[in-house]
Amino acid sequence: MNKTAEVLIEALPYIRHFYNRQIVIKYGGAAMEDETLIQSVMQDIVLMKYVGIRPIIVHGGGPRITAWMDRVGKIPKFVQGLRVTDAETVELAEMVLGSINKEIVSRINLHGGKAIGLSGKDANLILTEKQQTQMTDENGQQIDVDLGFVGKIIGVNTESVTALDRSGYIPVIAPIGVGVEGQTYNINADTMAGEIASAFQAEKLIMLTDTRGILQDLSDDASLIPTIRLQEVDTLVKEGCIAGGMLPKVEACTTALMGGVYKTHIIDGRIPHALLLEVFTEGGVGTEIVR
């Protein structure tokens, strides 16, 4: 059989299974910075839409926010993978994320899709309150940490995204939320993707990262863990396999699974067409976290 035909036949059962299903994609990392990878992600999203899948895109923008902070002389600080965000930084973040949002929308449209950009402030899509966080000090004591204008999601109003989805548009959402008094909050994009996937009870949540997935040994790419069950997550955190920036990704997957999402995936966005490989092939790529 012709190789092209073999590929299409392999994809057929997945196209049939995922037809008319929602898949939330968290877009970030190298796949947002490398031109070849950007093109492949945009093509993947548009192809998914044309075969009947209903993608919702949630994007990050951390490296560009950091670059702009450097320009204005601000030093980034992170606690448990979350950016400490003062009043000036949240204003900067909203500006940068808005620019990235429009870039993604433009690129999807260029490849034949119909995308519309949103932030969590549009139609009160993402309602938030101030995030309260603790960390362990050198004496092993839990202490409160003020993250500034970092938001904790307390509600997702799905109406606007549902309306766009039903009209054939691809929603592209920036991780900015609004407080009950109108205050702008920066939200970790991984966290937002998990909450949105949960609110829509999506078929899948796929997180694009700059690693192969979750590794048993962080220094060895060959130690990829292909499948993790929810009850194994705490042990892997204690063992240090899940740490730093991977923590909010895994927490987002946990939120999604607990909210009714069928499967979650942490995949290597540095691989061209990683989304298609994950959705339409038997082996997939990266680590899946399941109930």
Q) What number of residues within region 229-248 are touching a Cys at 6+ places or on another chain (Cβ under 9 Å) and touching a residue at least 24 places away in the same chain (Cβ under 8 Å)? A) 2
Q) What residue, of 271, 228, 267, is part of a loop (DSSP other than H, G, I, E, B) and either acidic (Asp, Glu) or buried (at least 17 other Cβ atoms within 10 Å of the Cβ) (or both)? A) 271
Q) Quick one: residue 93 ticks every box in (1) in contact (Cβ under 8 Å) with a residue 60 or more places away in the chain; (2) small (Gly, Ala, Ser); (3) part of a helix (DSSP H, G or I); (4) closer than 23 Å to residue 55 by Cβ bar one, so which box is it? A) (4)
Q: Can you tell me which residue within region 1-33, out of those that are touching a residue at least 12 places away in the same chain (Cβ under 8 Å) and assigned to a loop (DSSP other than H, G, I, E, B), is nearest to residue 192 (Cα to Cα)?
A: 28
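Among the listed residues 86, 165, which satisfies the condition of being closer than 30 Å to residue 48 by Cα, of a type in the set (D, E, K, R) and touching a strand residue (DSSP E or B) at 6+ places or on another chain (Cβ under 8 Å)? Walk me through it before giving the result.
Numbers: 86 fails: closer than 30 Å to residue 48 by Cα.
The conditions single out 165.
Just one of 43, 22 is closer than 19 Å to residue 171 by Cα, modelled with pLDDT of 95 or more, touching a His at 6+ places or on another chain (Cβ under 8 Å) and surrounded by 14 or more Cβ atoms within 10 Å (Cβ to Cβ); which is it? So that I can check it myself, show each step before the final result.
Details: 22 fails: touching a His at 6+ places or on another chain (Cβ under 8 Å).
Unique residue meeting the criteria: 43.
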Q: Quick one: which residue in 178, 237 is in contact with a strand residue (DSSP E or B) (Cβ under 8 Å, 6 or more places away or on another chain), over 16 Å from residue 23 (Cα atoms) and not in a loop (DSSP other than H, G, I, E, B)?
A: 178
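Can you spot a residue in region 59-66 that is aliphatic (A, V, I, L, M) and within 17 Å of the chain's Cα centre (by Cα)? Steps first, answer last, please.
Going residue by residue through region 59-66, those that are aliphatic (A, V, I, L, M) are 65.
Keeping just the survivors that are within 17 Å of the chain's Cα centre (by Cα) gives 65.
Among the residues of region 59-66, at least one is aliphatic (A, V, I, L, M) and within 17 Å of the chain's Cα centre (by Cα), which makes the answer yes.
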Q) Using beta carbons and a limit of 9 Å, which pairs, at least six apart or on different chains, have the first residue in region 144-171 and on the phi > 0 side of the Ramachandran plot and the second one surrounded by fewer than 13 Cβ atoms within 10 Å (Cβ to Cβ) and modelled with pLDDT under 95? A) 148/87
Q) Mind checking which residues of region 171-212 are touching a Gly at 6+ places or on another chain (Cβ under 6 Å), surrounded by 24 or more Cβ atoms within 10 Å (Cβ to Cβ) and more than 20 Å from residue 95 (Cα to Cα)? A) 208, 209
Q. So which of 73, 113, 60 ends up being buried (at least 22 other Cβ atoms within 10 Å of the Cβ) and farther than 23 Å from residue 209 by Cα?
A. 113
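The values are calculated or read from the model by the stated rules, or taken from the named source; none is laboratory data. Here the structure is a predicted model, which means the values were calculated and not measured. All Cβ positions, even for glycine, are placed from backbone atoms using ideal geometry, and neighbour counts span all protein chains on display.
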